[in-house]
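The structure appears right after this line, and notes come after that.
Derivation of every value follows stated rules applied to the coordinates shown; laboratory data play no part. Quantities reported herein were computed from a predicted structural model and do not represent experimental measurements. Cβ atoms come from the backbone with ideal geometry, glycine included; neighbour counts cover every protein chain shown.
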Amino acid sequence: MENGNKYIIIDFDSTFTKVEGLDELGAIALQETEDPETAIAEIRELTHLGMAGKIGFAESLQRRINLLKAHRRHLPKLIEKLRGEVSDSFHRNKNFLTTYSTNILLISSGFKDFILPIVTEYGIQADNVYANTFLYDDQGNITGYDANNPLSRDKGKVELLKTLNLEGDVYVIGDGHTDYEIREAGLANKFFAFTENIERETVMEKADHIAPSLEEFLYVNKLPMAISYPKSRINVLLLENIHPRAVEIFRKEGYNVETIKGALDEEELCEKIKNVQILGIRSKTQVTKKALENANRLLAVGAFCIGTKQIDLEACLHKGVVAFNAPYSNTRSVVELAIGEMIMLMRNTVEKSNLMHQGIWDKSAKNSFEIRGKKLGIIGYGNIGTQLSVLAEALGMQVYFYDVVEKLALGNATPCSSLEELLQIADVISLHVDDRPQNKNFIREAHFELMKDGVIFINLSRGFVVEIPALVNAIQSGKVWGAAADVFPHEPKTNDEEFVSELRGLPNVILTPHIGGSTEEAQENIANFVPNKIINYVNKGDTFGSVNYPNLQLPEQRKSHRLIHTHKNTAGILAQINQVLANHNINILGQYLKTNETIGYVITDIEQEYDSQVIQDLKDIPNTIKFRILY
């Protein structure tokens, strides 16, 4: 941008600041009256009607001033309030506002009395601020405004712009109808509807461009900005009815979020994943190699659950896509369901309940037992298995466990040397193994034969780890007295599909639709955990907690540009990166490297000033998978 040939016109209320100045002044001044709420609400409504173009601006202004009942002494408190309400993207880009202050005009239908102290702190020149001014009586009461100022009238901004007679290109950034009127009058090249704080449909539909932040305007016009990329251009796709808290977190960060209630099949995902930077799924959507081939902009996949078998993690690595899950967030929910189901099955409660619904009163202690004193066999002693162990022991059960990896026993739990040993001991068996491929049909017919007659069998882990026909035979023969299954080899994609299984209709069997972790508490915990991991990765390159990338927890980035380089794990890449930087006389402020069997992950913090050619040279290093810059 060269001085004198381009001008940026910025609105103040709900654009430079998050709030409307007159609304806030009314809220301060009217607290001293008997019924402040009614008057404040009326002022806010008049502001909305004026900004949306539903009533004339002059009418809106005059009626609001009459309601204010404000005094000069209220202004310092208002100014202090507004200092804390500067829009986030304007606050981030203070350097831009200062550097290009000659070309920036602040034109507002608000009042200089409170606008000047705010905007001049951001480098905007006082001579470039155009706004109304209050009139006061001898006691300091605000009695009105200067009616000779064109900004107090309908189409006042248009009238003012005509007198300024700016020679060059003019761009307007604002949220109200009065801002669009400048473009409508042919006095501006483009009108950018600013939606960071408020979205007015009547204004947005007339805009040349929607700007969810100041960075969007700067990016479109190739102007320097405080962050690497407008957050509003980061597209997030959340599938399978992920908890609304995740949507809230991503949107608060400024990302563009789309949600879909059900899962997507491969072909559907291949289409939807295009231009998506962040994908959020649960257990049903399969993120395959083919789907990833269509992911032209994907940075991260979040599994809003424990398992990651539904994600081709190796293909993600080769694509430079980091994957996160929630390994701990729903453990308590799964454990409580396991405890509840073993009690229900031991007491034969399901069958009793079914008879009651048929009108049959079968009061009897037959086949009804306490869990106290019974032997619980836990297969898989991980996050869930260990917590189940502690709670079951507290209920008086004798706990035995088996894991393919040697684990430290909690409390009085007894480790078993083999799966076969555990199967022959346990009165109740609860399965909590992971989703690695070798666990397919982990429990088969031969294993059921080893179990005690009348055993209780619970599977809340993965559907494919149990051979279903073998379980059905064991139930029908009486080997398994009661069973509970929450997971199945084939599950419906949505709630509209029929659940089909050989387990349906069997006696003393509890079937639940994969809800082990589906409590409000667990889903909210997951919805807090996974988005924050992804945001840390996007904002600063932090991969700590990733299930496929080398784990790096990075320090805060200060006054530097951060170069993020993912490459195939071959020798000499770090040396080549540093040679490129040396060739361009770039000083390294900090550097971090971690590798796994497949990739290397290098983070380099450098000084902010450098030749742009260095970026292309780094991208051209052989075996580079993905490169991006953060600042």
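A few points about this structure:
- Over all other residues within a Cβ to Cβ distance under 13 Å of residue 465, the charged ones net out to +1, with Lys and Arg as +1 and Asp and Glu as -1.
- Long-range amide H partners of residue 136 with built H, under 5 Å: 143
- For the chain, the fraction of alpha-carbon pairs lying more than 40 Å apart is 49 percent, rounded to a whole number.
- Integer Hz, Karplus 6.51/-1.76/1.60 couplings in order for the stretch 555-567, x for Gly and Pro: x, 5, 7, 10, 6, 8, 9, 9, 9, 10, 10, 9, 9
- Only lysine pairs 8 or more places apart or on separate chains count here, and in the stretch 6-220 those with Cα atoms under 21 Å apart total 28.
- Candidate lysines for bridging to residue 284, where Cα separation is under 25 Å - those fewer than 8 sequence places away on the same chain excluded: 261, 272, 274, 309, 319, 440, 493, 533
- For residue 130, nonlocal amide neighbours, meaning residues 5 or more places apart or on other chains whose placed amide H falls under 5 Å from its own, are 106, 107, 108.
- Whole-number percent relative contact order across the stretch 443-513, with pairs defined as alpha carbons under 8 Å at least 6 apart: 34 percent
- Protection-proxy order for peptides 563-571, 170-178, each taking the mean of Cβ atoms within 10 Å per residue, highest first: 170-178, 563-571
- Once backbone amide H atoms are built at 1.01 Å from N, residue 55 has 50 as its partners under 5 Å, excluding neighbours fewer than 5 places away on the same chain.
- About the centre of its Cα atoms, the stretch 6-220 shows a dipole size close to 420 debye [charges on the beta carbon of Lys, Arg (+1) and Asp, Glu (-1) only; nearest 20 debye].
- Estimated 222 nm signal from helices in the chain, with DSSP H stretches of n ≥ 4 weighted -39500 (n - 2.57), rounded to 500: -10000 deg cm²/dmol
- Two-decimal Rg to Rh for the stretch 532-631 - Kirkwood Rh, Cα set: 0.94
- Across every direction, the projection of the convex hull enclosing the Cα atoms of the stretch 43-140 has a mean area of 7.2 nm².
- For the stretch 6-220, the equivalent ellipsoid built from the Cα gyration tensor has semi-axes of 27, 18, 17 Å, listed from largest to smallest.
- Take every pair of alpha-carbon atoms less than 8 Å apart whose residues are at least six positions apart; their mean separation over the length of the stretch 555-630 yields a relative contact order of 47 percent.
- Packing-based ranking, highest mean first, of 593-600, 574-581 given that Cβ atoms within 10 Å are counted: 574-581, 593-600
- Distant alpha-carbon pairs in the stretch 231-324 (separation over 18 angstrom), percent: 37 percent
- Normalised by the number of residues in the chain, the mean separation of alpha-carbon contacts (under 8 Å, six or more apart) gives a relative contact order of 9 percent.
- Placing one equal scatterer on every Cα of the stretch 357-465 and applying the Debye formula, the log10 ratio I(q)/I(0) at q = 0.13, 0.17, 0.18, 0.19 Å⁻¹ is -0.51, -0.79, -0.87, -0.95.
- Mean-position separation - Cα centroids, the stretch 265-320 and the stretch 1-53, in angstrom: 44 Å
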